[in-house]
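What follows is calculated from the coordinates using simple rules that are stated; it is not laboratory data. As the structure is a computational prediction, the values presented were derived from the model and not from experiment. We place every Cβ from the backbone using ideal geometry, glycine too, and count neighbours over all the protein chains shown.
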2 protein chains.
Amino acid sequence: MGDGTSPADDLLAAWPSMTADDRFDAFRHIDRAEVGGFFLGLSTSDQVAMMQRVTVGERQVWLRLLAPDDAVDVVQHLPAEERQSFLELLDEATRREVAALLAYAEDAAGGLMSPRFARLRPEMTVGEAIRYLQRQVQARLETIYLAYVLDPEQRLCGVVSFRELLAASADSPLAGVMRTEVISVQASMDQELVARIMARHNLSAIPVLDAAGRMQGIVTVDDIVDVVEEAATEDIQKLGGMQALDTTYLETGVLSMVRKRAGWLAALFLGEMLTASAMGHYENEIAKAVVLALFIPLIISSGGNSGSQATTLVIRAMALGEVTTGDWWRIVRRELLVGICLGLILALIGLVRILAWQEMFHTYGAYANRVAVTVAFSLLGVVTWGTLAGSMLPFVIRRLGFDPASASAPFVATLVDVSGLVIYFNVAQLMLGGSLL
Amino acid sequence: MGDGTSPADDLLAAWPSMTADDRFDAFRHIDRAEVGGFFLGLSTSDQVAMMQRVTVGERQVWLRLLAPDDAVDVVQHLPAEERQSFLELLDEATRREVAALLAYAEDAAGGLMSPRFARLRPEMTVGEAIRYLQRQVQARLETIYLAYVLDPEQRLCGVVSFRELLAASADSPLAGVMRTEVISVQASMDQELVARIMARHNLSAIPVLDAAGRMQGIVTVDDIVDVVEEAATEDIQKLGGMQALDTTYLETGVLSMVRKRAGWLAALFLGEMLTASAMGHYENEIAKAVVLALFIPLIISSGGNSGSQATTLVIRAMALGEVTTGDWWRIVRRELLVGICLGLILALIGLVRILAWQEMFHTYGAYANRVAVTVAFSLLGVVTWGTLAGSMLPFVIRRLGFDPASASAPFVATLVDVSGLVIYFNVAQLMLGGSLL
């Protein structure tokens, strides 16, 4: 008993910052009574790492400890040439189950489900169903608390919980007690969508059907926690302007880290080169009025920051299913309004700042007032435009068939930088033409 | 049966983009057989919105449909002056439970738990325990599949699953069958930590104890899915450079949206003003060599983008518990190496770009080669520094006692912009002093 503070728990806490050798060494020395639970609590990549280091005999013990859906995860993590030797360590029945599950994509319902669910027949009585389930307590079923009623073609007729069986009279027919309105998913459905359906309906398990409507397995809610966490991690990493990592941060090698980051960074760099071209276009203006150059970083970064806010909000709302592509026009109106408000606030701060500095230090020369107005109007334009562009980019990217989360904050900032320069120098031409310019 | 496509499900899918009036109208017209399940599937804020519009009599029906932990969420969502009138609609026993739960912070284990768990006494036999649990099937317990064995002082002695009871012989003493190594949490523990402990140990429920070790309730895994999703949403919004929203994107009014975003945007703007001061410092250099100004956005944004990648990675790894404050030195070494690699890649691209343009268009004047080298070295320096600063900022912010997720991409970019300018103009002084400068 205790707040997660057994030796095995302390080890789990220290685990992420340990080297591979230390981990294996520590794993070797865990108390025999605790090592099974410890192993089951490890991530799939850690389980693989431990199993690759032990003898074949011990490997078999660990592999057989895993439920079939977890064994599938392990096999999927292995290099192709090692898979067969691992599969051969399983007992015949499990090997068939694992092989069937391997046919599904890793991130689909079929790749997440367990084929070990409790099956009942509709012609049973409640009493027979209870006795049948009680005999299954030693079987390696995912759960006996939910049982699925199947016809001879394995099509799903209904679902019943153990609690409902206990509450019903023993001789009533199962067909009258089971719930026939069952929410189910297709084996090919993306796991994030499965997670959303389960969360929305507060389900502890959901049946998975194949294309012909035959029940293939169940996904349980504890698998869903990992799906939700993984999906959020991927989105967050994409939002940071990079490819999502395949494993944890500390486990990713420096080289593969560079590869995951260099691609986007170089793409953004190439995009940002357009700013050099845009600036080249305004070289004469800068030469005439160097004071204009001083505010360039301030103005373009304000557009980038406001765009980053808008794009982040929209991407997350899309991921949670709160916003769909049909909502784009509603979002345009909202974000336009929000952008104007934010732009006015920054314009006011900018105006006050320049006039105050001018008053105190005479920093900005004879035309300080006009420069201040130029900066203020540019900020209003850049922030409004940045907000609008940031909120629309995820829609455009989704329309093009890519993951909206690729509309990262750095991507939006890069996009808005060039237009920010164009807005700034055009406002300057309007305000300062004939005086400074 | 079906893929989540009953009328109620279609409504749930359309729900986010409907107005408040349309929602209530649709809610009124749901089939009586489905409306209960539909109501339970709504978010807390939607449940509150529906209940605020119906008569007091109907409000009581809906409120009593909720489990006590969900009723607590509803009451916490109400304005203070309405809470009492809602509480009075509950039956006496539930009102006491809800009042007790209200004492806990909303985001702590105590605010998430249900007090309705199955209790057993250690001196029972297995047979007595099974019969007792079977009699509880009609009681409104969160689950009868896990039962908690408590001593007379309500301290937790052990836990036993229904399945384990069925597998044991009926006359064996419960004390010999229950598991005594129980992972539990304190009522005050943050819900994200509870979620991580449950996910790590694959628990379907976890007991919650008060400071004196008395068991107060259980948190079930379906509550955890929401916690994980909410926590990720908050982190993502903070990473986008804003305060986390209190409700969904579409439900947040324009004014409160501006308030959530203007604070950080203004703070970043004030920080970014330092770039204007820094630029003022280099005004003479710019006047002498306007060509230098052309590359300013390119160079500072590269620092910002590489910093954004690093800070995003570290914040997510911290949130998942993969990286702790003690790992900072390891991260410094890693990110320094990664930053140098990324810097070299961008430096090379920049060098090639400038030399190619010079060759083709003679854009950059007599000293183009030196300008190209200046830009390349600046990029190396800025990207390395941006990566390092981005990875360290979450550690600094956590050390100061704030949420590391506040080290948003825009925050890092702003921080790195000023230093980027300093690096760039110092490299330029070194490379171009005596020629252009």
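A few points about this structure:
- In this calculation the C-beta distance from A:ASP25 to A:HIS281 is compared with R0 = 41 Å, giving a FRET efficiency of 0.05.
- J(HN,Hα) series, the stretch A:273-282, from Karplus relation 6.51 cos²θ - 1.76 cosθ + 1.60, nearest Hz, glycine and proline x: 4, 4, 5, 4, 5, 4, 4, x, 4, 9
- Across peptide A:287-293, the average count of Cβ atoms from other chains found within 10 Å of a residue's Cβ is 5.
- The protein assembly as shown: antiparallel DSSP beta bridges as a percent of all, rounded to 5: 70
- Phi-based couplings in Hz for the stretch B:327-340 (Karplus 6.51, -1.76, 1.60; Gly and Pro marked x): 8, 4, 6, 4, 5, 4, 5, 4, 6, 4, 4, 4, x, 5
- Under 5 Å between amide hydrogens, built in the peptide plane, is the criterion, and for B:ALA118 it picks out B:THR143, B:TYR148 among residues at least 5 positions away or on other chains.
- Taking amide H atoms as placed 1.01 Å from N in the peptide plane, the amide H of B:GLN216 lies under 5 Å from those of B:VAL208, B:LEU209, B:ASP210, each 5 or more residues away in sequence or on another chain.
- Point-charge dipole on Cβ atoms (K/R +1, D/E -1) for chain A, about Cα centre, debye to 20: 1320
- For the rotational copy pair B/A, the chain B residue whose Cβ lies nearest the symmetry axis, together with its distance in Å, is B:ALA232, 2.
- For the stretch B:155-217 versus the stretch A:144-215, the gap between their alpha-carbon centres in whole angstrom: 27
- Residue with peak Gaussian network fluctuation, chain B [Cα springs, cutoff 10 Å], from B:ASP190, B:ASP31, B:ASP235: B:ASP31
- Inter-copy label distances for A:ARG179: 2.6 nm (label point placed 7 Å from Cα along Cα→Cβ; shortest first).
- Per-peptide average of other Cβ atoms within 10 Å, ordering A:344-350, B:55-61 highest first: A:344-350, B:55-61
- Computed from the C-beta positions of B:GLU106 and A:GLU181 and an R0 of 30 Å, the FRET efficiency is 0.35 to the nearest 0.05.
- Taking the Cα centre of the stretch A:117-176 as origin and assigning +1 to Lys and Arg Cβ atoms and -1 to Asp and Glu Cβ atoms, the resulting dipole is close to 220 debye.
- Shielding of A:306-318 by partner chains, average beta-carbon count, 10 Å: 6
- Within-15-Å neighbourhood charge of A:LEU437 [Cβ basis; K, R +1; D, E -1]: 0
- Computed E for A:ARG32/B:VAL61 - FRET, C-beta separation, R0 60 angstrom, nearest 0.05: 0.65
- For chain B, built as a Gaussian network whose Cα springs stay under 10 Å, the top-fluctuating residue of B:THR384, B:THR94, B:THR363: B:THR363
- Computed magnitude of the charge dipole of the protein assembly as shown (debye, nearest 20; Cβ of K, R +1, Cβ of D, E -1): 1620
- Chain A - mean residue ellipticity at 222 nm from DSSP helices (-39,500 (n - 2.57) per run, n ≥ 4, rounded to 500): -20500 deg cm²/dmol
- For the peptides A:367-377, B:251-261, the ranking by mean Cβ contacts within 10 Å, running from highest to lowest, is A:367-377, B:251-261.
- Cut-off under 5 Å, modelled amide H: who pairs with B:VAL323 long-range: B:MET318
- A:SER85-B:MET18 pseudo-label distance in nm [points 7 Å out on the Cα-to-Cβ vector]: 5.9
- For the stretch A:111-125, 3J(HN,Hα) per residue [Karplus equation, 6.51 cos²θ - 1.76 cosθ + 1.60, θ = phi - 60°, Hz, x = Gly/Pro]: x, 9, 7, 10, x, 9, 10, 7, 10, 10, 10, x, 7, 5, 8
- Each of A:GLU92, A:GLU82 has some number of other Cβ atoms within 10 Å of its Cβ, and from fewest to most they run A:GLU92, A:GLU82.
- Between copies, B:ARG95 shows label-point distances of 6.6 nm, shortest first, with the point placed 7 angstrom from Cα along Cα to C-beta.
- Local charge for A:THR325 was computed over the other residues whose Cβ lies under 13 Å away, with Lys and Arg +1 and Asp and Glu -1, and equals +1.
- Dipole of the stretch B:258-400 computed with +1 at Lys/Arg Cβ and -1 at Asp/Glu Cβ about the Cα centre; of B:VAL383, B:ILE345, B:VAL314, farthest Cα towards the positive end is B:VAL314.
- Ranked by the mean number of other Cβ atoms within 10 Å per residue, highest first, peptides A:124-134, A:139-149 order as A:139-149, A:124-134.
- Under a Gaussian network description of chain B, with springs only between Cα atoms under 10 Å, the residue in B:GLY420, B:GLY307, B:GLY41 that fluctuates furthest is B:GLY41.
- Angle between chain B longest axis and helix B:191-200 axis [Cα atoms, degrees, rounded to 10]: 80
- Per residue of peptide B:258-270, the mean number of Cβ atoms on other chains within 10 Å of the residue Cβ is 6.
- With the label put 7 angstrom out from Cα along the Cα-to-Cβ vector, B:PRO79 ends up 6.6 nm from the copy partners, going from closest to farthest.
- Net +/- balance of residues flanking A:ARG261 in space, Cβ distance below 13 Å, scoring K and R +1, D and E -1: +3
- Inter-label distance, B:GLU128 to B:ALA211: 3.5 nm, where each label sits 7 Å from its Cα along the C-beta direction.
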